[in-house]
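Asks: This is the structure, below, for whatever I ask next.
The values are calculated or read from the model by the stated rules, or taken from the named source; none is laboratory data. None of these values were measured; they are calculated from a predicted model. Cβ placement follows ideal geometry from the backbone for every residue including glycine, while neighbour counts extend to all protein chains displayed. The protein model used for the area step is the full one, side chains on, heavy atoms only, and it has no ligands, DNA or RNA in it. Shrake-Rupley method; radii C 1.70, N 1.55, O 1.52, S 1.80 Å.
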Amino acid sequence: QVQLVESGGGLVQPGGSLRLSCVVSGNMFSINYINTMNWYRQGPGKQRELVGSITKDGDTTFADSVKGRFTISRDNAKNTMYLQMSSLKPEDTAVYYCNAHHIFFGTQYDFWGQGTQVTVSP
């Protein structure tokens, strides 16, 4: 199994910044082996949406709504992925989830963290 634990959420004013962390542990796949690590979010009354992704090669993609404001990085030595959020807006308020997506010999694996709350408010 793979366990994911997010941290770093909290209350921040509009225009502020936060950095979320996702620590990967377990004996199944290490972070440097996982095909894609993702950040999702689910705002109040909304469906869960993909915020951004990073591949094991370090390539990143982002939703249009956060492009230019959010970055994703990973530190394989620390088994940790980060989501750096800046110029935060009230509409970024959501529970943010870390996801590990991997395909191993034709079997798809998805692991999720428990989520961390981000609230953007004056």
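Asks: Over the chain, with the other protein chains present, what is the accessible area per residue in square angstrom, probe 1.4 angstrom?
Replies: In whole numbers, the chain has 52 Å² accessible per residue.
Asks: Hey, what do the phi angles of the range 90-106 turn into as Karplus ³J(HN,Hα) couplings, whole Hz, using 6.51/-1.76/1.60 and θ = phi - 60°, x for Gly and Pro?
Replies: Ordered by residue, 3J(HN,Hα) equals x, 6, 7, 4, 4, 8, 9, 10, 9, 9, 10, 10, 8, 10, 10, 6, x Hz.
Asks: Tell me, what is the percent relative contact order of the chain, built from C-alpha pairs under 8 Å that lie six or more residues apart?
Replies: 35
Asks: Tally up the carbon and sulfur contribution to the accessible surface of the chain as a whole percent, 1.4 Å probe, everything protein left in place.
Replies: 49
Asks: In whole Å, what is the distance between the alpha-carbon centres of the range 1-21 and the range 67-122?
Replies: Using only Cα atoms, the two centres lie 8 Å from each other.
Asks: In straight Cα distance, which aspartates and glutamates are under 18 Å from LYS46, not counting same-chain residues fewer than 8 positions off?
Replies: Within the straight-line limit of under 18 Å, LYS46 reaches these aspartates and glutamates: ASP64, GLU91, ASP92.
Asks: What nm value, rounded to one decimal, do you get for the distance between HIS101 and THR55 when each label is placed 7 Å out toward the C-beta?
Replies: That separation, rounded to one decimal, is 1.2 nm.
Asks: By per-residue mean of other Cβ atoms within 10 Å, what is the highest-first order of 111-117, 75-81?
Replies: 111-117, 75-81
Asks: Could I ask something else about it? Using θ = phi - 60° and the Karplus relation 6.51 cos²θ - 1.76 cosθ + 1.60, list the HN-Hα couplings for the range 10-27 in order, rounded to whole Hz, with x at every Gly or Pro.
Replies: x, 9, 9, 6, x, x, x, 10, 8, 10, 9, 10, 9, 8, 9, 9, x, 10
Asks: Next question. Label ARG48 and THR36 with points 7 Å out from Cα along Cα→Cβ: what is the distance between them in nm?
Replies: According to this spin-label approximation, the distance is 1.5 nm.
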